[in-house]
1. Taking the residues in segment 123-145 that are in contact (Cβ under 8 Å) with a residue 12 or more places away in the chain and among the β-branched types (V, I, T) as candidates, determine which candidate is nearest to E87 (Cα to Cα).
2. If only one of T233, T255, T218, T251 is modelled with pLDDT of 95 or more, surrounded by fewer than 17 Cβ atoms within 10 Å (Cβ to Cβ), hydroxyl-bearing (S, T, Y) and under 18 Å from A45 (Cβ atoms), which one is it?
3. Considering T76, T40, T28, which residue is of a type outside the set (K, R), free of Cβ contacts under 8 Å to residues at least 24 places away in the same chain and closer than 30 Å to K160 by Cα?
4. Give me the pairs: first residue in segment 183-209 and over 23 Å from L162 (Cα atoms), second residue acidic (D, E) and at pLDDT below 95, beta-carbon distance under 7 Å, and six or more apart or on different chains, which are they?
5. Can you tell which of S238, S247 is more than 29 Å from Y39 (Cα to Cα) and free of Cβ contacts under 8 Å to residues at least 12 places away in the same chain?
6. Would you check which residues across segment 128-150 are out of contact with any Asp or Glu (no Cβ under 9 Å at 6 or more places or on another chain) and not aliphatic (A, V, I, L, M) and list them?
7. Return the total of residues in segment 100-139 being more than 19 Å from the chain's Cα centre (by Cα) and assigned to a strand (DSSP E or B).
8. Residues in segment 149-194 that are of a type in the set (A, V, I, L, M, F, W, C) and either at positive phi or in a strand (DSSP E or B) (or both): how many?
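The values are calculated or read from the model by the stated rules, or taken from the named source; none is laboratory data. These numbers come from a predicted model, not from an experiment. Every residue, glycine among them, receives a Cβ derived from its backbone with ideal geometry; neighbour counts consider all protein chains shown.
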Amino acid sequence: MKKKQLIPVLLVLFGLTSLSFMANDGVTLRLKPQQGKSYTITSKANIMTVMEVQGQMMNQQQHMETRQSFTAKSVTDTESLIETQIEAIKMSISQMGMKLEYDSENPEKTSPLLAGQTAEMDKVIKKMGTVKYDALGNIIDSLDLEMSQLGAAITQLPDKELSVGSSWSFKKNQSISGTEITANMTYTVTAISKKSINVSINGTVEGTDEISGTYEGTASIHPQTGIVIQSSTKSNISMTVNEQGLSIPVTMVGTTTVEVK
């Protein structure tokens, strides 16, 4: 059966700080990473997938860790040019009593049964990509990577001034293995401090292959750089995979945490 992966990567915020502004003091977010600085994104996802094949239920538990670096090569008040590459991927899959593993840094640990999938992963390791953003985190130009986690660190920002209770919404479109996905996201400010702007996140997802689902979580955005520094999300996604004349209902329930340093 052809495997389709949907790895929910959303921005979420935790970490309340004690150095808070007054609630009526507004703040404006703009993307402005420190020029020349290299950042590291560490993403950890746990996904439970349930498939119904000819009346039989099949469960799969997947854990995936990705480490990706990015460097702000040039930064102005209106644009940021980012170079990025995936440094390492680690994955484990448990299904029907078997545990399969992949570790890009320790290839001897990789399970032979994953050879087909891991060959594609090997191609993206250490491959350089570039993305140009405007000051609101919108992509101007991109030679990004497959499986990139950069969207977990850089999100679309509002043009307006923010205070506690403010919210903004946007859409994110993505193509994964030929499947077109649209996420409709709403961020709501829950706290503002000198160290972070905390937001709650709610969203829905829709796409081809009868994809539908929801996201919820929290995120923490750095006030000076506009970079998401921490996030935690939960997702519940349903889809239908059509393979060899069969329509296979698939449900994926996952949690994802992201840290950027």
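1. Restricting to residues being in contact (Cβ under 8 Å) with a residue 12 or more places away in the chain and among the β-branched types (V, I, T), the top hit is I125.
2. After ruling out the rest, the residue left standing is T255.
3. The unique qualifying residue is T76.
4. Pairs that qualify, where the first residue is over 23 Å from L162 (Cα atoms) and the partner is acidic (D, E) and at pLDDT below 95, are G207/E180; T208/E180.
5. Residue meeting the stated conditions: S247.
6. Those that are out of contact with any Asp or Glu (no Cβ under 9 Å at 6 or more places or on another chain) and not aliphatic (A, V, I, L, M): G137, N138, D141, S142, D144, S148, Q149.
7. Result for segment 100-139: 5.
8. Residues meeting the conditions: 10.
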